[in-house]
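K.L.:
One structure coming up, written as structure tokens, with questions to follow.
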Amino acid sequence: MPSNKSVSDAPITQFINCRILRDNELQREDLWVREGRILDPEKLFFDEQGYADKRVDCEGSIIAPGFIDVQINGGYGIDFSQASENVSDGVSFVAKKILEHGVTSFCPTLVTSPPEVYHKVLPQVKVHDGGPHGAGVLGFHLEGPFISAEKKGAHPEKYLRTFKSGGLEDLMEVYGSLDDVAIVTLAPELPGSQSVVRELSRRGITVSLGHSAADLSQAEEAVQHGATFITHLFNAMLPFHHRDPGIVGLLTSDRIPAGRTVYYGMIADGIHTNPAALRIAHRAHPSGLVLVTDAITAMGLPPGRHTLGQQVIEIQGLHAYVAGTKTLSGSIATMDMCVRHFKQASGCSVQEALEAASLHPAQLLGISHKKGKLDYGSDAGQSRLHLYFCIPAVRAAVVPPLCPQRFLGCKYGLFSWGGGCITVDQSLQFL
């Protein structure tokens, strides 16, 4: 029996003087953690007669779930859509780097590529939990190649595919396997797509609608067959029109099956989406907004030329373009930048901004029983954390939200692993 009379020998950490993001509110109470799990203090005190082995003074900061990025193409010189013998090493490197920006779980994203790339890359990376070594992998996001040529964006047209063989056969021919796949983005107007939506949904894979010229009725049909996500809303889809709002109309559609939520990704980098459009989406359907970075190889690197799958990308200031064009190709924003910009541009609350990067993506993927929340309960396994602890040393209020320089001078580093929990730097109170 340990000295504090707890039923476990593992040390207990108590976070004090903090505000906990729980039940859509910032609650002023302590947080108790043991082995990466949140403890119910009432049960700890009365059932175990336990107490804290270590106390951490959060100095009034916010404790929030770690961020989840469901669309990230790479970063720091790593392109997930480049086939190599050490893909897993590249994914691990990015996983380590994005911890610095609060991301604790992510979906490595592959853009439209030839089949041999999928066959080479997908078997090398498996779903796994995060930790001090890096953010956890929730499964791949396969964005293409079953998308619209009209709305291909930065995806190379010569590798686009249609469902010629009836659906599943086409998927297997291109991807090789659906193991460790979390999300597939496709265009619902493609002939045969609805049977694909049904089969992917049956397998527990999230179907996202994107890079599509679908009208609203086609999008609604896909949702009725199981689609639950929209890839980077407003981008690479028909613009909103009052007679047919297209995929955007799903945000207020009355043909969504009862009990189902349609979520939508937003790249809140200040470039992909005008603040007014961001506000329209958020006010129309706040509970469905999922912040994504759509970050590419160039994230964390100086301007220059980089790759995104089979394309060459040129960074001009904060813009990423297909070289020689003005076609946007992903972003160079980190998730904490997106949270700050979303808060500033939308006028939402701090808790709404944080939940758009944590709770909502967890709900989208059906994992909110173990990620995206700071709940405790009788089933301790459902309270397992993969989160971070941030010493409130940076004050970003006076620095533009997209300026990376605001991180300089942080004594402890912006985010670092600490006891399975994370506090959010007080700059989130600014915005």
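The values are calculated or read from the model by the stated rules, or taken from the named source; none is laboratory data. Predicted model only: the values in this text are computed from it and were never measured. Using ideal geometry, Cβ is built from the backbone for each residue, glycine included, and neighbour counts are taken over all protein chains shown. For the accessible areas, the whole protein counts, side chains as well, though only heavy atoms, and no ligand, DNA or RNA atoms are used. Shrake-Rupley method; radii C 1.70, N 1.55, O 1.52, S 1.80 Å.
K.L.:
Suppose the filter is open to solvent by 50 Å² or more (accessible area, probe 1.4 Å) and of a type outside the set (D, E); does G317 pass it?
P.N.:
yes
K.L.:
Same structure, new question: Pick out the one residue from M337, M299 that is under 18 Å from T104 (Cβ atoms) and not in a loop (DSSP other than H, G, I, E, B).
P.N.:
Working: M299 fails: not in a loop (DSSP other than H, G, I, E, B).
Matching residue, one of M337, M299: M337.
K.L.:
Quick one: G259 ticks every box in (1) at negative phi; (2) surrounded by fewer than 18 Cβ atoms within 10 Å (Cβ to Cβ); (3) part of a loop (DSSP other than H, G, I, E, B) bar one, so which box is it?
P.N.:
(1)
K.L.:
Additional query: Looking at F234, F163, F240, can you tell me which residue is without any contact (Cβ under 8 Å) to a residue 24 or more places away in the chain, in contact with a helix residue (DSSP H, G or I) (Cβ under 6 Å, 6 or more places away or on another chain) and of a type in the set (F, W, Y)? If you could, list the steps in order and put the result at the bottom.
P.N.:
Numbers: F234 fails: without any contact (Cβ under 8 Å) to a residue 24 or more places away in the chain; F163 fails: without any contact (Cβ under 8 Å) to a residue 24 or more places away in the chain.
Within the list F234, F163, F240, the selection yields F240.
K.L.:
Here is a follow-up. Tally the residues that are without any contact (Cβ under 8 Å) to a residue 60 or more places away in the chain and open to solvent by less than 10 Å² (accessible area, probe 1.4 Å), restricting the search to segment 176-204.
P.N.:
9
K.L.:
Please specify each residue of segment 87-135 satisfying the condition of being open to solvent by 40 Å² or more (accessible area, probe 1.4 Å) and either without any contact (Cβ under 8 Å) to a residue 12 or more places away in the chain or β-branched (V, I, T) (or both).
P.N.:
D89, V127, H128
K.L.:
Further question: Would you mind finding the one in H341, H360 that is open to solvent by 10 Å² or more (accessible area, probe 1.4 Å), at pLDDT 95 or above and more than 30 Å from L39 (Cβ to Cβ)?
P.N.:
Of H341, H360, the one residue that is open to solvent by 10 Å² or more (accessible area, probe 1.4 Å), at pLDDT 95 or above and more than 30 Å from L39 (Cβ to Cβ) is H341.
K.L.:
If you don't mind, there's one more thing I want to ask. Among the residues of segment 263-285, is there at least one that is in contact with a strand residue (DSSP E or B) (Cβ under 9 Å, 6 or more places away or on another chain), of a type outside the set (D, E, K, R), open to solvent by 50 Å² or more (accessible area, probe 1.4 Å) and not in a loop (DSSP other than H, G, I, E, B)?
P.N.:
Within segment 263-285, not a single residue is in contact with a strand residue (DSSP E or B) (Cβ under 9 Å, 6 or more places away or on another chain), of a type outside the set (D, E, K, R), open to solvent by 50 Å² or more (accessible area, probe 1.4 Å) and not in a loop (DSSP other than H, G, I, E, B).
K.L.:
Also: When only residues in segment 140-152 that are free of Cβ contacts under 8 Å to residues at least 60 places away in the same chain and in a loop (DSSP other than H, G, I, E, B) count, which is most open to solvent (accessible area, probe 1.4 Å)?
P.N.:
So in segment 140-152, the residues free of Cβ contacts under 8 Å to residues at least 60 places away in the same chain come out as 140, 142, 145-146, 149.
Now drop any that are not in a loop (DSSP other than H, G, I, E, B), which leaves 145-146, 149.
On the way: P145: 0, F146: 2, A149: 48 Å².
Out of the qualifying residues, it is A149.
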